[in-house]
Amino acid sequence: MKKVLLNLMFLLLFFNSYCQEKLDIKRIGFSIDIPKNWTTIQNDEILKNLNNFEFTDEQINHLFKSNNSSVNLATFVKYNPKTYAGIIPTIKIRTRESEVANLQDFLKQIQNSNEELKKTLDDFKFIDNPTFIELSRKKVVKFSVQFHLKKDDHIFTISSRSYYIPKDGYYISLNFIEEIGKEDNSILFEDLIKTI
């Protein structure tokens, strides 16, 4: 019993060393822990308005649709972009318009949008195909992809893990992005997903 308690205490301390704050957007029912010492780039006006005013569901849908169908809520980067060269591990949280009627249509919409990305990004491929998982007692779509970005003579291999949370008229997308072979933040990313 004592060993179990020590292990639990270690896990709590280990996880607390990664996270210090929480992004909490009560009006749309979304929160996630923020990694400790990462730089936050938030859309402060959107977050302030969502948390300070009593919008109806219709008003929220209109707000999310009015910005070219996508609203960036927050971006977290591991290193300061002004002082760090190269691909920075990044967490992007956005909303995007979605007019689908059911979960299967939502999945199809995501599959179709990824087919369009294949035409844009070099060597785009699925590591995990879009599929439903349960997250915080809700069905969400999870998938991961890999692609290349080129700069000068250098090719960066990028990994992106995505979670799309359907809402009424829009969805929340979470993208966990990093360069393959440079460092591995996968444990941190998995721990953060558990805090949603």
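Tabulated values for the structure
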| quantity | calculated |
| --- | --- |
| Around F126: net Lys/Arg minus Asp/Glu count, Cβ-Cβ under 13 Å | +1 |
| Potential lengthening between R137 and D184 on full extension [0.36 nm per residue; Cα-Cα distance subtracted] | 14.1 nm |
| Candidate lysines for bridging to K108, where Cα separation is under 24 Å - those fewer than 8 sequence places away on the same chain excluded | K65, K92, K118, K119, K125, K138, K139, K142, K167 |
| Nearest-0.05 FRET efficiency for L149 and D24, computed from C-beta distance (R0 30 Å) | 0.40 |
| Full-stretch length increase - D122, D168 - with 0.36 nm per residue and alpha-carbon distance subtracted | 13.2 nm |
| Linear extension gain, A101 paired with I41, 0.36 nm per residue minus alpha-carbon span | 18.3 nm |
| With DNA, RNA and ligands ignored, accessible area of E97 (1.4 Å probe; Å², nearest 10) | 60 Å² |
| Charge sum, other residues only, whose C-beta stays under 10 Å from I196's C-beta, Lys/Arg counted +1 and Asp/Glu -1 | +1 |
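The values are calculated or read from the model by the stated rules, or taken from the named source; none is laboratory data. The structure presented is a predicted model; accordingly, all values stated were derived computationally and were not measured. Glycine also receives a Cβ, built like all others from the backbone with ideal geometry; neighbour counts cover every protein chain displayed. SASA here: full protein model, heavy atoms, side chains in, ligands and nucleic acids out. Shrake-Rupley method; radii C 1.70, N 1.55, O 1.52, S 1.80 Å.
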